[in-house]
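Below you'll find the structure, written out as structure tokens, and then a few comments.
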Amino acid sequence: MKRNSWQQRIFMLLFTLLFTLSAAHSLQAQDELLDALREQQDPAQPEYTTATFKSTRLINGHTIETRSQGVLDFIISHRFGRLNSGAYNLFGLDEANIRLGLDYGLTNRLNIGFGRSSFERVYDGFIKYKLLQQGNGKGTAPLSAVLFSSAAIGTLKSANELSLSNRLTYTWQLLLARKFSERLSLQLMPAVVHRNLSLTEEDSNDIYALGAGGRYKLNKRLALNFEYYYRFNEPLLQPNYNALAIGLDIETGGHVFQLHLTNARAMQERGFITQTTGNFFDGDIHFGFNVSRVFQLRSNNQVTP
Amino acid sequence: MKIYLLSLCLFASLPLYSQQYQLAESRVSFFSSAPMENIEAISSRAKSLLNTQTAEIAFVIPIKTFEFEKKLMQEHFNENYMESHKYPDATFKGKLSGFNPQQKGVQKVVARGQMNIHGVNRNVEAAGTLEYRDKEIYLTAVFPVKVADYEVEIPSLVFYNIAEEVEVTVKAKYLPYEKK
């Protein structure tokens, strides 16, 4: 009898405990369901970093961004005259260099493009391939890497006595970028520009340069950009400077407006790496813009980057 | 005797788990209808649990899993509108009313509870249907979501046309929950 009541007490205690627990359980059940869901891990789906930069162009040069498969990007770029050319010239707005270009996404990683610049009547074509894509999980890397190769040909009438091959310039670049945070992305871009024709024997055909740049997002739609190309050897063209640029990206959904100040007039690699004649710090600064408008030619049914 | 009682208690708590259903397949989409263009995005990577004993239901949808026809639009959706780096999931927790676990066939249910989108909590109600097929449960719901309710900003300087109210469609298939 005594033994029995002891067992009964234990039973009551357990029962009360269980009852209290289950009552608390039902009160918090909804939250627990939610928490249980949050804890469930997705089966190793890699997550790729997107929007390292707002555009495929940083300012003058390319970023690691590629257009998705089936996307056509129409880019209109302007560089006006020098700010220090004074009021008579409306601070450079009276004159403009223009590049009209089309980029196309053959795949999400492979882009081709074509453009025509008024500066020295240059036609340029390029191919861009994303080797590595920054992200988390399987098949991703801590940074993004892009191989870039372009060819440019000047078609000025005065240069027409030169053979076709003598007017060609090639550029190879490796673009390395990492999005460090939602706001900050940095990019390094080693480059070689090969000019088929150099001015003299001392003038090297190959110009080696290292570009560095980045963006800092001010808010959801505005970003500050910076870009500088340092050359290890310079072409024999006087005067001759490294291309420096600062810019502001304005994104309006579908359009990206890039406004910038730079000492470079050209909008392709051959031009801004080897033919920049303005000294930024003497006020040889050109106001310019790139406007990008994308068109989806083929719909995106793929999940892969 | 003690062990007998203990195991009884344990068995008593078991049905709680056996009434749990887990999402097996789903398709959550939203549709924005505007004069210039219609926008649709689909996610098939929602997570959900349904407790048929208590009629409680919870949903988690990672914002980044919504697929758009236009990749760039998807990027903007995440970066500028939903700010998915700050608010990675849309969630719902609530109860199904009008739900009878004994009833076979299609039954009408109303989900009442708290929705969290873009970090904003709101009490919502969504009508839908529920159907038992053998061990499977099929759930569907269509309901409107006002973009402004969740403090998602649509700037005036925008070239997309986005409706002020988007229509959300949920199609879900549940299977009995098995603990791994």
Order the following by accessible area, largest value first: B:93, A:217. Probe radius 1.4 Å; ligands, DNA and RNA are ignored. B:93, A:217
Of A:54/B:171; B:108/B:173; B:70/B:108; B:70/B:173; A:138/B:173, which ones are farther than 24 Å apart at the Cα? A:54/B:171; B:70/B:108; B:70/B:173; A:138/B:173
Modelled label-to-label distance, residue A:147 and residue A:259, 7 Å Cα→beta-carbon offset: nm? 3.9 nm
With every protein chain in place, the accessible area of residue B:118 for a 1.4 Å probe, in Å² rounded to the nearest 10, comes to 20 Å²
Net charge near residue A:195: determine it from the other residues with C-beta under 10 Å of the C-beta of residue A:195, scoring Lys and Arg +1 and Asp and Glu -1. 0
Label points 7 Å out from Cα along the Cβ direction at residue A:106 and residue B:106: separation in nm? 5.0 nm
Surface/4 estimate of mean projected area, convex hull on alpha-carbon atoms of the range A:97-203, nm²: 9.3 nm²
For the range A:146-232, the Debye formula with one identical point scatterer on each Cα and no solvent gives log10 I(q)/I(0) at q = 0.21, 0.24 Å⁻¹ as -0.99, -1.13
What longest region of chain A stays clear of chymotrypsin sites (Phe, Trp or Tyr not before Pro) that DSSP places outside H, G, I, E and B and that have at most 16 other Cβ atoms within 10 Å? A:1-179
Could you please put A:158, A:299 in sequence from largest to smallest accessible area, using a 1.4 Å probe? A:158, A:299
With Cα coordinates, the longest principal axis of chain A makes an angle with the long axis of helix A:2-39, in degrees rounded to 10, of 20 degrees
If you roll a 1.4 Å probe over the heavy atoms of the protein chains, what accessible area per residue do you get for the range A:58-296, in Å²? 43 Å²
How large is log10 of I(q)/I(0) for chain B at q = 0.17 Å⁻¹ when the intensity is taken from the Debye formula with one equal scatterer per alpha-carbon? -1.08
Interface buried area A-B, accessible surface with 1.4 Å probe, both sides summed, nearest 100 Å², comes to 4000 Å²
Percent accessible area from carbon and sulfur atoms, chain B, protein chains only, probe 1.4 Å: 54 percent
Please compute the average number of Cβ atoms from other chains found within 10 Å of each residue's Cβ in peptide B:116-123. 0
Amide N proximity, the range A:184-227 versus residue A:240 label position 7 Å along Cα-to-Cβ, cut-off under 20 Å: A:190-212
For n ≥ 4 DSSP H runs only, could you compute -39500 (n - 2.57) per run for chain A, divide by its residues and tell me the 222 nm figure to the nearest 500? -5000 deg cm²/dmol
Using a cut-off of 28 Å between alpha-carbon atoms, which lysines can reach residue A:157, once sequence neighbours fewer than 8 places away in the same chain are excluded? none
Please compute, for peptide B:78-91, the average count of beta-carbon atoms on other protein chains lying within 10 Å of each residue's beta-carbon. 2
From the P(r) of the range A:58-296, can you give the percent of Cα pairs sitting at distances over 34 Å? 13 percent
Per residue of the range A:284-297, what does 6.51 cos²θ - 1.76 cosθ + 1.60 with θ = phi - 60° give for ³J(HN,Hα)? Whole Hz please, x for Gly and Pro, Karplus curve as stated. 7, 10, 10, 7, x, 8, 10, 10, 10, 10, 9, 10, 8, 8
For the protein assembly as shown, what is the convex hull volume of its Cα atoms per residue in Å³? 190 Å³
Distant-in-sequence amide H partners of residue A:256 (H built 1.01 Å from N, under 5 Å): A:292
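The values are calculated or read from the model by the stated rules, or taken from the named source; none is laboratory data. Model, not experiment: these values are computed from the prediction. As a convention, Cβ positions derive from the backbone with ideal geometry for all residues, glycine included, and neighbour counts pool all protein chains shown. Each accessible area value is taken on the protein alone, full model and side chains, heavy atoms only, with ligands, DNA and RNA left out. Shrake-Rupley method; radii C 1.70, N 1.55, O 1.52, S 1.80 Å.
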